[in-house]
Each structure stands twice: as structure tokens, then as C-alpha cells.
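Right, one structure below, let's go through it.
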Amino acid sequence: MKKCVTIGFMVLAIGIAKGQEVKFGVKGGLNFMNISGNQGSGTGKVGYHVGGLVEFKLTDKFAIQPELLYSTTGTKQNFYGIEFNSTLSYINLPIMAKYFVVKGLSIEAGPQIGYLVSDKETANSVLAVFEGSNLKKIDYGMNVGAGYALENGLMFQVRYYAGMANISKTNLYSDASLKSHNTGFQVSLGYKF
């Protein structure tokens, strides 16, 4: 994970040093995320994201775009007849490399690291006992997607996030082999100044 963060900051530094054009922006939209893993997949919840971005245009065809986003996600899962409802809130830092296929249209890919700021979990049974969060604070993974920007600054993005970090500490039955990952799609509307 440290290597991923280090590479991200190196790419960002190169973008700042060589950037021919710098644009700031804001974005927001919907998350269609789920938590999946070796315990099975629950039903994903629709969340949202909001935040800012900086685009460093290195050439006519290539740009680096770091973002800082507040993002919510969650899932509903059923264990032995008990339904668990989780709502997670993260501060995410994606760093996207953008390649412009034609003017305005880009394909994007890059790493993302996130910090869990809130974990709300409820259950439909008094038998469920919560002993603090069962989730790790750090999440990381990769994004791939596409974006389109109009000349007036309005932009649209869609991306898929594949979480690589196991976000589970343990489950209610202390199963140390439990693995859970954040995955899903994000649709955004934004504006670049």
C-alpha cells in the first residue's frame, strides 16, 4: 500500500512540475456499490459522493487528475436469518491518469485510497451484538472509467472501483478468514473552472 501511495504522489508531483494547463473543479454523483467477498455478496445500497478535483493537462492527449471525495456506500446482508444493514462513509483520494481519445472524451485509470470515517451497522434482531466496527479504516483499490467534458466546463464521468484491500477485521463469529471488498460503479456530474 505504501508503494501505491508513493507512486501516486510521484505522479502528482510530475503533473504539477510539468503541467501545461491546470483546471480546478467540483463533482458529485451516485455510488452503486456493494461489499462482496468470500462470505458472499449482499444487496448493494445507493450512496453518493461529493468533492473537488484538479486536472493537470500534461499534453493534448494526457492528464493527471487527483480528487478528494466524501463518499458513502453500504450493503444489506443476511446471516442465519439476521439481516445486517451497513452504511459506510469514506474520504477517498483517487489519482486518475486520463488519456483523451478525442477532444473532450477520455478514458481513465488509477489508484484510490480511502479512509473510513463512519460505519453505521444495524440488524433486525436483538440477537445481533455489535462490539465496535468490524471494518478496517483503510481501503484501497483501482478505478477504471471514462469521462466527457464540454467546452463550457461541464463534465460527466462513469467509473468502476475494484477494492483490493480486505476491509474486514473479523465477523460476528470471529472468523479470521473473512474477506470483504468494496466494489461497484460511480456516476458523476461536475464542473471544471
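The values are calculated or read from the model by the stated rules, or taken from the named source; none is laboratory data. Worth saying up front: this structure is predicted, and the values here are computed from it rather than measured. Here the Cβ is made from the backbone with ideal geometry for all residues, glycine too, and neighbour counts use every protein chain on show. Surface accessibility is based on the protein's heavy atoms, side chains included, excluding ligands, DNA and RNA. Shrake-Rupley method; radii C 1.70, N 1.55, O 1.52, S 1.80 Å.
Looking at VAL50, VAL5, VAL11, just one residue is of a type in the set (A, V, I, L, M), surrounded by 13 or more Cβ atoms within 10 Å (Cβ to Cβ) and at pLDDT 95 or above, and that residue is VAL50. Of the strands (runs of 3 or more DSSP E) lying entirely inside the stretch 74-153, not one carries at least 3 residues that are of a type in the set (D, E, K, R) and at pLDDT 95 or above.
Given (1) touching a residue at least 40 places away in the same chain (Cβ under 8 Å); (2) farther than 17 Å from ASN182 by Cα, identify the lone condition not met by GLN20. Going through (1) touching a residue at least 40 places away in the same chain (Cβ under 8 Å); (2) farther than 17 Å from ASN182 by Cα one by one, GLN20 breaks only (1). Residues in the stretch 61-82 that are buried (at least 23 other Cβ atoms within 10 Å of the Cβ) and either of a type in the set (Ser, Thr, Tyr) or farther than 18 Å from GLN157 by Cα (or both): SER71, THR73, GLY74. Give all pairs with beta carbons closer than 6 Å in which a residue from the stretch 56-80 that is at positive phi meets a residue that is open to solvent by 10 Å² or more (accessible area, probe 1.4 Å); count only pairs at least 6 apart in sequence or on separate chains. The qualifying pairs are GLY74/LYS45; GLY74/SER86; GLY74/THR87.
Looking only at residues in the stretch 17-42 that are modelled with pLDDT of 80 or more and more than 18 Å from GLY114 (Cα to Cα), the one that is least open to solvent (accessible area, probe 1.4 Å) is GLY25. Suppose the filter is at pLDDT 95 or above, under 19 Å from TYR48 (Cα atoms) and either open to solvent by less than 30 Å² (accessible area, probe 1.4 Å) or part of a loop (DSSP other than H, G, I, E, B) (or both); does TYR161 pass it? In short, yes.
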